[in-house]
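The values are calculated or read from the model by the stated rules, or taken from the named source; none is laboratory data. The model shown is predicted, which means the values in this text are computed figures rather than measured ones. Quick reminder, even Gly has a Cβ in these numbers, built from the backbone with ideal geometry, and neighbours come from all protein chains shown. Just the protein is used for accessible areas: all its heavy atoms, side chains included, with ligands, DNA and RNA removed. Shrake-Rupley method; radii C 1.70, N 1.55, O 1.52, S 1.80 Å.
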Amino acid sequence: MAEPYIEQVEYLDVLTKTGKKTGVSKPRGDVHRDGDYHKAVHVWIFAESTQELLLQKRADCKDSWPGLWDISSAGHISAGDSSLITAQRELQEELGVILPKDAFELIFVFLEECVTNNGKFINNEYSDVYLVTTLEPIPREAFTLQDTEVSDVKYISFGEYRSHLAEADPKYVPYDVNKQYGLLFDIITKRENNEARSLVLQKQLRRYAPVSLTAELTGLGDADKEALILLVRAAMIMDEIFYLQVWHSNPVLREWLKEHANVSQLDNLKWMYYVINKSPWSCLDENEAFLTTADSAVKLLPEATKPITGWKGVQYRAAFPMLKPSGANLYPPDMDKMEFKLWTTGLSLDKQKDATSFFTVIKRHSQVNWDNHIFDSTHLSEGSTHDLYSIPYSQEYHPFLTRVSDLLHKAGDLVSSPSLKRLLHSKADAFLSNDYYDSDIAWMELDSKLDVTIGPYETYEDSLFGYKATFEAFIGVRDEKATAQLKLFSDNLQVLEQNLPMDDTYKSKDIIAAPIRVVQLLFNAGDVKGPQTIAFNLPNDERIVKDRGTAMVILKNVSEAKFKQILNPIADACIAKEQHELVDFESFFTHTICHECCHGIGPHTITLPDGRKSTVRLELQDLHSALEEAKADIVGLWALNFLIKKHLLPTSLEKSMYVSFLAGCFRSVRFGLEEAHGKGQALQFNWLLEKEAFVFHPNETFSVNFDKVEEAVESLSRTILTIQAKGDKEGASLLLQKYCTMTKPLKVALQKLESIHVPVDIAPIFPVAKSLLE
């Protein structure tokens, strides 16, 4: 006897009114009966050549809007499913179109609250709205329509369709184009205004001053110079990995822009600004997109639909979202914090460490299955109970890292310095093993004329949690004389720690002297986009910080270029005349050194109120980077004052360090309040202004109040250090919310600097590296 057919009931995740998951799921019918908030996807297909949108005609049997023209494809996100996979699946099921994830551009989230069917159907729905851009319309006969959902499809001019909606034409499912859904039409319209875009890009490019950075190679032997060529080549591969870490379609976007850079003036401007930002998002504009998907690469997919004689297949634009993804390409783009938390809560401690590791990528089984043409979203890998899983960098980036490892081993065989030889061989091994501990120790102990930093270090790109490190490289030549002069700072780290303005309970008694190396930079790559760093303090691995401390690299030629090109003009425009002469390179450079030193002191590994051991990074998550940069800055000022009072630094710095810091505030805030350094600097400036340590004058200049600045610096240092020591994310959030704002005095200063065209940062050119490769 045949088994009776049992209809599958679709469950939906119930959301709060603000769109957050509640952890409860209900049958779809109950959700619409009770008016529960839930999630769906809308997918629009747009034909670029004809400027038309594809519409589907809803089947007559549908429970809402039967027989009306609607979105290209749409559907509920079932409980436990992801947004992107749902978008891909709905397009396949309803229209017979199979597209990869890089075809889908998330353009906005739409909230629809309506009641139909005489009050029987309540739709409180958050929809992720995706746009798929094809070059030409897909032929009607290429579609395979799901007759229970779709009765027909047609293309219509997006302007004509907007008019139908605006006029509430009864043949079309209604959307209010004067409210949020108008964004769809605005986004399409803005793609074509080429003249306005050229002017904007020219203005954006002017904010960077091109500067040649050179270094003398006279102290290097022939074998070291030969190794240097290999190291520059290895560094260039860090670029390749970083492009991929930023966004999955970023590498093809780069190649497309480069290939088309000489087609027109606009194409050249797009390429030039992309080279600076290494992505379609502008670092100095709070990651606002300066490109659109219409600028991106064209890809051909012959098997996206059923075959049609004489038609080669779907040509689509490799998409990227206008809003920069907070998790970059280090997590699934549709994963939120709640999903990550629910997943990690059920993992063993070892697996939790893998999930939050610097050196793993988080992926979805369902997305991998889809990419491999396994169209069953319920299919997980053997032994898996959750859609998310972690994969080590050594596996995810294996093709790149094997090339880098080979180059580093060859360079290691050539170099004369034993410590550099050890570093290069151990780093080459680390790239393949995913264990960076020994290679980071070797980096800290580096004592070589040739200075090399290469690997995954900073976590700024991960603004979701601040867990994942991105790849970068700095190749330079050590300035021996300047390095010798800095022993003072590393020798006094423990003294500074013991005197920090925070409760003694939180102070460490085993701070290790931090080696400081002053370097003339000759090449950088990887995560060095937008504003250029003038120094770095590594590693970030708390195990090493606890066991061995950190080491610092100061890029002197970068500091000199920034002071000359940026800080001097800022001082002329913004600092009160009587304090002009107090802005000098010695103060700027000395504070830079102290900033990096202060990354190595203060709380790192902490004990929480419930007795658990943790780290500041893990507790503060996405707020960690901004607060840590603010800490290093403000505690750096406190430390300079402390060392001056101990007669370890000259009293000539006593006033100039504060005024040079004030001028530097405007430099860093111009990086934008989405960037960790800019965010941290706004916090400090606004705090010191509130405490009357900084004075804003009627003539729109600024000065330091020397009677109040010392106390204000100490009070902010204490506040930040205490928040870190307690792992107090709520306190960190409140502090940043209050002070990390673009206040009127900051706006006045920034507008003044823009009006006189003071560069925001430098765009380095590396002639020595270029000549070596040639």
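Taken together, the residues in segment 609-642 that are within 20 Å of the chain's Cα centre (by Cα) and of a type in the set (Ser, Thr, Tyr) amount to 1. All conditions but one from (1) open to solvent by 10 Å² or more (accessible area, probe 1.4 Å); (2) out of contact with any Gly (no Cβ under 7 Å at 6 or more places or on another chain); (3) of a type in the set (Gly, Ala, Ser) apply to residue 416; the one that does not is (2).
Only one entry of 335, 236 meets the criterion of being outside any helix (DSSP H, G or I), open to solvent by 10 Å² or more (accessible area, probe 1.4 Å), under 24 Å from residue 398 (Cβ atoms) and not acidic (Asp, Glu), and that entry is 335.
Considering segment 70-117, and only residues there that are among the hydroxyl-bearing types (Ser, Thr, Tyr) and more than 24 Å from residue 324 (Cβ to Cβ), the residue that is modelled with the lowest pLDDT turns out to be 116. In segment 32-52, the residues that are without any contact (Cβ under 8 Å) to a residue 40 or more places away in the chain and farther than 30 Å from residue 298 by Cβ form no Cβ pair under 7 Å with any partner that is open to solvent by 10 Å² or more (accessible area, probe 1.4 Å) and among the small types (Gly, Ala, Ser), whether six or more places apart or across chains. The set of residues in segment 201-225 that are closer than 30 Å to residue 289 by Cβ, out of contact with any helix residue (DSSP H, G or I) (no Cβ under 7 Å at 6 or more places or on another chain) and among the basic types (Lys, Arg) comprises 203, 206.
With a requirement of 2 or more residues that are more than 22 Å from residue 496 (Cα to Cα) and open to solvent by 20 Å² or more (accessible area, probe 1.4 Å), the strands (runs of 3 or more DSSP E) lying completely within segment 608-709 that satisfy it span 694-696. Residues in segment 13-43 that are under 28 Å from the mean Cα position of the chain (by Cα) and within 27 Å of residue 97 (Cβ to Cβ): 39, 40, 41, 42, 43. When segment 145-157 is filtered for residues that are in a loop (DSSP other than H, G, I, E, B) and either outside the structural domain of residue 92 (by the TED database) or in contact with a helix residue (DSSP H, G or I) (Cβ under 7 Å, 6 or more places away or on another chain) (or both), the ones remaining, listed by number, are 145, 146, 149.
Table: residues versus (1) closer than 19 Å to residue 541 by Cβ; (2) modelled with pLDDT of 95 or more; (3) touching a Phe, Trp or Tyr at 6+ places or on another chain (Cβ under 7 Å).
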residue	(1), (2), (3)
346	no, no, no
355	yes, yes, no
363	no, yes, yes
366	no, no, no
370	no, no, no
373	no, no, no
377	no, no, no
381	no, no, no
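When residue 758 is tested against (1) modelled with pLDDT of 95 or more; (2) open to solvent by less than 40 Å² (accessible area, probe 1.4 Å); (3) assigned to a loop (DSSP other than H, G, I, E, B), exactly one condition is not met: (1). Within segment 272-287, the set of residues being over 16 Å from the mean Cα position of the chain (by Cα) and either crowded, with 19+ Cβ neighbours inside 10 Å or under 20 Å from residue 396 (Cβ atoms) (or both) comprises just one member, 273. For segment 178-225, residues that are in contact (Cβ under 8 Å) with a residue 60 or more places away in the chain, assigned to a helix (DSSP H, G or I) and of a type outside the set (Lys, Arg) total 13. For segment 166-200, the set of residues classified as of a type in the set (A, V, I, L, M, F, W, C), surrounded by fewer than 18 Cβ atoms within 10 Å (Cβ to Cβ) and touching a helix residue (DSSP H, G or I) at 6+ places or on another chain (Cβ under 7 Å) consists of 185 only. Filter segment 292-332 for residues that are in a strand (DSSP E or B) and among the hydrophobic types (A, V, I, L, M, F, W, C) and give the result. Once the filter is applied, which keeps residues that are in a strand (DSSP E or B) and among the hydrophobic types (A, V, I, L, M, F, W, C), segment 292-332 yields 298, 300, 301, 314, 323. Per this entry, residue 643 is counted among residues that are in contact with a Leu (Cβ under 6 Å, 6 or more places away or on another chain) and in contact (Cβ under 8 Å) with a residue 12 or more places away in the chain.
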